1. Quick one: Karplus J couplings for the range 76-92, per residue in order, coefficients 6.51, -1.76, 1.60, θ = phi - 60°, nearest Hz, x for Gly and Pro?
2. For the range 52-64, what does the Karplus curve 6.51 cos²θ - 1.76 cosθ + 1.60, with θ = phi - 60°, yield as ³J(HN,Hα) per residue in whole Hz, taken in order and with x for Gly and Pro?
3. Label Thr57 and Arg98 with points 7 Å out from Cα along Cα→Cβ: what is the distance between them in nm?
4. Please figure out what share of the DSSP beta bridges in the chain is antiparallel and state it in percent, rounded to the nearest 5.
5. When the expected Rg is taken as 2.2 N^0.38 Å, what fraction or multiple of it is the alpha-carbon Rg of the range 16-73?
6. Below 15 angstrom from the Cβ of Val92, what's the summed charge of the other residues (Lys, Arg +1; Asp, Glu -1)?
7. Hey, which aspartates and glutamates would be in cross-link range of Lys75, C-alpha to C-alpha under 16 Å, not counting anything within fewer than 8 residues on its own chain?
8. Note down the nm distance, to one decimal, between modelled labels 7 Å out along Cα→Cβ at Thr112 and at Lys64.
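Every number here is computed from the coordinates shown, using simple stated rules; none is lab data. Quantities reported herein were computed from a predicted structural model and do not represent experimental measurements. Positions of Cβ are backbone-derived with ideal geometry, glycine not excepted, and every protein chain shown enters the neighbour counts.
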Amino acid sequence: QVQLVESGGGLVQPGGSLRLSCATSGIIFRIYVMAWYRQAPGKQRESIASITDGGSTVYAGSVKDRFTISRDNPKNTVYLQMNSLKPEDTAVYYCNARYGNSERWGQGTQVTVSS
């Protein structure tokens, strides 16, 4: 059974940091492209960061230089370090795993940036 389980979300003040984790099971993690998406209220889900099996990363302009995606293949886990958080980063954050035509999603974790 494939599972992607996000954790680490919560309430943080503007300028603060959070680290999201996505623990996976049931997939050959090391061959998957892993990504983080987010969806704010009333908006479409957007891709914000991805990392290939080889470790190459891509970021959306809105998070570049503030967020860092990384992966730990032995732990089957992908991370998203989020620094200098802004109120506009408030959203549900989703983990995504993709290999060929296979795509899996986590259930999402809420991140709220507010004073």
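1. Couplings: 6, 9, 10, 10, 9, 8, 10, 10, 6, 5, 10, x, 6, 7, 4, 4, 8 Hz.
2. So the J values, rounded to whole Hz, are 7, 4, x, x, 6, 10, 9, 10, 6, x, 5, 10, 4.
3. Here the modelled spin labels are 1.8 nm apart.
4. 95 percent
5. Working: Rg = 12.3 Å, N = 58, 2.2 N^0.38 = 10.3 Å.
In units of the globular-protein estimate, the range 16-73 measures up at 1.20.
6. Neighbour charge sum, excluding Val92 itself: -1.
7. Glu6, Asp53
8. 3.2 nm
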